[in-house]
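**Student:** Handing you this structure, nothing more for now.
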Amino acid sequence: MPSPSSIRASHILLMYKGSMRSSATRSAEEARTEIETMRNEIAAGADFADVARDRSDCPSGKEGGDLGEFSRGAMVPSFEVAAFALQPGEVSDVVETDFGFHLIKRTA
């Protein structure tokens, strides 16, 4: 099956001190520990959108982390590779970009 040229996804972002566009005061280690905890909560049945609304540092969190549909080349490379590797409904492992740590859920 050919890889899609665009997908729809949601994400949770945790920024840390020193990450791009960040005003966060948590360290990278604290952010990684916190997002790994969120990943475990989601794996145990917590709703991804609820976790995003409550705890994501991205403005998209208000919409449950929804990023809408995007094409290849629209996101930073490590985010894109992880997002396009997911099947619909699947949640990524922790992904690090210059903006911080992400959990990505492919929604379509």
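Nothing in this text is a laboratory measurement; each read-out follows from the coordinates by a stated rule. Given the structure is predicted, the values throughout are model-derived calculations rather than measurements. Methodologically, a virtual Cβ is constructed for each residue, glycine included, from the backbone with ideal geometry; neighbour enumeration extends over all protein chains shown.
**Student:** Taking the dipole about the Cα centre of the range 6-106, with the C-beta of Lys and Arg at +1 and of Asp and Glu at -1, give me whichever of 60, 49, 86 is farthest to the positive side.
**Tutor:** Among 60, 49, 86, the one farthest towards the positive end of the dipole of the range 6-106 is 60.
**Student:** Nearest 500 deg cm²/dmol is fine: what mean residue ellipticity at 222 nm does the chain get from its DSSP H runs of n ≥ 4 alone, each adding -39,500 (n - 2.57), divided by its residue count?
**Tutor:** Calculated from helices alone, the mean residue ellipticity at 222 nm is -9000 deg cm²/dmol.
**Student:** Here's a follow-up. Once Rh for the range 6-106 is found with the Kirkwood sum over Cα pairs, what is the Stokes-Einstein diffusion coefficient at 25 °C and 0.890 mPa s, in µm²/s? Mind showing how you got there, number by number?
**Tutor:** Working: Rh = 13.3 Å.
This corresponds to a translational diffusion coefficient of 184 µm²/s.
**Student:** Provide the per-residue ³J(HN,Hα) series for the range 54-61, in order, calculated from phi with Karplus coefficients 6.51, -1.76, 1.60 and θ = phi - 60°, each as a whole number of Hz, with x at glycine and proline positions.
**Tutor:** 7, 9, 6, 8, 8, x, 5, x
**Student:** Amide H to amide H under 5 Å from residue 97: which residues, 5+ apart in sequence or cross-chain, H placed 1.01 Å off N in plane?
**Tutor:** When sequence neighbours closer than 5 places are left aside, the close amide H contacts are 102.
**Student:** While we're here: Only four residue types carry charge here, +1 at the Cβ of Lys and Arg and -1 at the Cβ of Asp and Glu. Report the dipole size of the chain about the Cα centre in Debye, rounded to the nearest 20. Can you show the working numbers first?
**Tutor:** On the way: 12 positive and 17 negative charges, 48 e Å.
Taking the Cα centre of the chain as origin, the dipole is about 240 debye.
**Student:** Could I ask something else about it? Towards the positive end of the charge dipole of the chain, with charges on Cβ (+1 Lys, Arg; -1 Asp, Glu), say which of 27, 4, 102 has the farthest Cα.
**Tutor:** Result: 4.
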